[in-house]
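The values are calculated or read from the model by the stated rules, or taken from the named source; none is laboratory data. Since the structure is predicted, the reported quantities are computational estimates derived from the model, not experimental observations. Positions of Cβ are generated from backbone atoms using ideal geometry, with glycine treated the same way; all protein chains shown enter the neighbour counts. Protein only, heavy atoms only, side chains kept; ligands, DNA and RNA dropped before computing areas. Shrake-Rupley method; radii C 1.70, N 1.55, O 1.52, S 1.80 Å.
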Amino acid sequence: MKTEDAVRLAGLLHAARQEARLVDLLAELPADTLLPTTPDEAYQVQAEIVRLSGEAIRGWKVTALKEEDRAAYGGTRPVAGPLLSGWVFPSPAEVHLSRFVAPLLECEFAFLLGRDLTPRETPYTLEEIADAVAALIPAFEIADGRVPPDAPGALRLADSMGNGAFIPGPPVTDWRALDRAGPVRLIIDGIEIETGSGARILGDPLKAVQHLANAQPKCAPLCAPLRAGHIITTGTATTPVRLERAGRVEADFGAAGRVGLLTL
């Protein structure tokens, strides 16, 4: 992918995020613009979006944890999208739905890194990942996209892997003994509408951090290494729910705590 193509696409995706709209690739890009087909090309676009935004990377959302899901993104490793500082709203948060195209709410276990996880040849063990984690964080992700949901995977990856916003709850530093497969209850306007489990994420969401650490893309300085202070969010523990109206939303992660959101 040529640099000028990455710059064009990044500019379009960045503007579409600010304007809360889908892009029209045929109408808005020159006909000879090449689109990403591999994770490395998608990360090239992500890097340009980060540069345009002027925002800090607060962390990463990881996906394609299962081998059978990776071909959709044009690669053989798990992939990740950045959580940009301008779209991170600590709980209890107020968020205007008008800032999104088609927002989906996801309840997620996230982990705050206490030290860097640099790329290396020897795979990280799960215990090494646990030693690097400073806290567990109950969280919401508002998933959203500026490209259609049926767009090719590499294009969705370029679009910050469909991140709309991230709402972290209070960090739990004494987290190791917590049941990360325990029930997660999603409550909207006082009514429980979903119950999920961290077991949906490889049996233990901490494994998602391990998979990402062992598959870090080689596009430094943007993507590698995973740094101390980064939050890694691991995928939804509940069935995603469309946010269509204003309301009060809460997720109960049991001993891991709660996260709250007011949609406007």
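Among residues of region 153-182 that are within 19 Å of ALA16 (Cβ to Cβ) and modelled with pLDDT of 95 or more, those with a Cβ under 6 angstrom from a residue that is among the acidic types (Asp, Glu) and part of a loop (DSSP other than H, G, I, E, B), sequence gap 6+ or separate chain, pair up as GLY164/ASP144.
Only one of these conditions is not met by ALA64: (1) modelled with pLDDT of 90 or more; (2) in contact with a helix residue (DSSP H, G or I) (Cβ under 6 Å, 6 or more places away or on another chain). Which number is it? Against the list (1) modelled with pLDDT of 90 or more; (2) in contact with a helix residue (DSSP H, G or I) (Cβ under 6 Å, 6 or more places away or on another chain), ALA64 comes up short only on (1). Every condition in (1) aliphatic (A, V, I, L, M); (2) open to solvent by less than 20 Å² (accessible area, probe 1.4 Å); (3) more than 30 Å from GLY182 (Cβ to Cβ) holds for ALA64 except the one numbered (3). Only one entry of ARG51, ARG58, ARG21, ARG17 meets the criterion of being open to solvent by less than 60 Å² (accessible area, probe 1.4 Å), of a type in the set (Lys, Arg) and within 20 Å of the chain's Cα centre (by Cα), and that entry is ARG17. The single condition from (1) more than 24 Å from LYS2 (Cα to Cα); (2) over 17 Å from the mean Cα position of the chain (by Cα); (3) part of a loop (DSSP other than H, G, I, E, B) that GLU94 fails is (3). Of all the residues in region 239-264, those that are surrounded by fewer than 21 Cβ atoms within 10 Å (Cβ to Cβ), part of a loop (DSSP other than H, G, I, E, B) and not aliphatic (A, V, I, L, M) number 5. Out of all the residues in region 230-250, which are closer than 12 Å to PRO103 by Cβ and under 19 Å from the mean Cα position of the chain (by Cα)? Of everything in region 230-250, those that are closer than 12 Å to PRO103 by Cβ and under 19 Å from the mean Cα position of the chain (by Cα) turn out to be PRO240, VAL241, ARG242, LEU243.
Checked across region 175-191, the condition of being surrounded by fewer than 17 Cβ atoms within 10 Å (Cβ to Cβ), in contact with an Asp or Glu (Cβ under 7 Å, 6 or more places away or on another chain) and not in a strand (DSSP E or B) holds for at least one residue.
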